[in-house]
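The values are calculated or read from the model by the stated rules, or taken from the named source; none is laboratory data. Quantities reported herein were computed from a predicted structural model and do not represent experimental measurements. Glycine gets a Cβ as well: all are built from the backbone with ideal geometry, and neighbour counts include every protein chain shown.
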Amino acid sequence: MAEASGFQFVEMKGDLFKCPETDAIVHCVSQDMHMGKGIAVLFKKTFGGVEELRKQGKKPGETAVLKRGPRYVYYLVTKPKYFNKPTYGSLTASLEDMKKHVVENNVVSISMPRIGCGLDGLQWPKVTNIITDVFSDTEVKVTAYTL
């Protein structure tokens, strides 16, 4: 009999920025790190580091990372320019890239908005399947916040 996985996926109403400060926090960005609309503006205001992110030179399908206090802040690079749209493929690749960092750094809890589904227009049921597929073999708890 297979042991139950430690992975958990939880959806809740609330303010993402009020999640526990030990949680890693994640959202989607473009390679140009424009962050001029939507929740990205709040990430830019809250965590800064835009030049630090640009210097990491991440491309679509990769993840840029900032360390802020006890938490990691993940920037899933899902498209080249802010006006482009991501694909499920670029989102999956970015999540896979983030997962490597999560596992290597013993991150156990991640909070996120409904990634890729606001201005980017991806469908949340498909995105939840991707998140579950990517993290199902980990001990990570993923919490998705909606307002």
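Okay, here's what the table says:
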{"quantity": "Search result, residues across the stretch 100-126 that are surrounded by 20 or more Cβ atoms within 10 Å (Cβ to Cβ) and part of a helix (DSSP H, G or I)", "calculated": "Val102"}
{"quantity": "Near pairs, Cβ below 8 angstrom, 6+ apart or cross-chain, from the stretch 26-44 (closer than 9 Å to Val77 by Cα and free of Cβ contacts under 8 Å to residues at least 60 places away in the same chain) to any residue that is of a type in the set (A, V, I, L, M) and surrounded by fewer than 20 Cβ atoms within 10 Å (Cβ to Cβ)", "calculated": "Met33/Val50"}
{"quantity": "Restricting the stretch 127-147 to residues that are modelled with pLDDT of 95 or more and hydrophobic (A, V, I, L, M, F, W, C), the residue that is surrounded by the fewest Cβ atoms within 10 Å (Cβ to Cβ)", "calculated": "Ile130"}
{"quantity": "Candidate set: the stretch 57-95, residues that are of a type in the set (Gly, Ala, Ser) and assigned to a loop (DSSP other than H, G, I, E, B); chosen: the one surrounded by the most Cβ atoms within 10 Å (Cβ to Cβ)", "calculated": "Gly61"}
{"quantity": "Any hit, the stretch 42-57, residues being of a type in the set (Ser, Thr, Tyr), modelled with pLDDT of 95 or more and more than 20 Å from Lys141 (Cβ to Cβ)", "calculated": "yes"}
{"quantity": "Test: Lys13 is basic (Lys, Arg), loosely packed, with under 11 Cβ neighbours inside 10 Å and more than 29 Å from Pro80 (Cβ to Cβ)", "calculated": "yes"}
{"quantity": "Cβ pairs under 8 Å, 6+ apart, first in the stretch 68-82 and more than 16 Å from Met98 (Cβ to Cβ), second β-branched (Val, Ile, Thr)", "calculated": "Pro70/Thr22"}
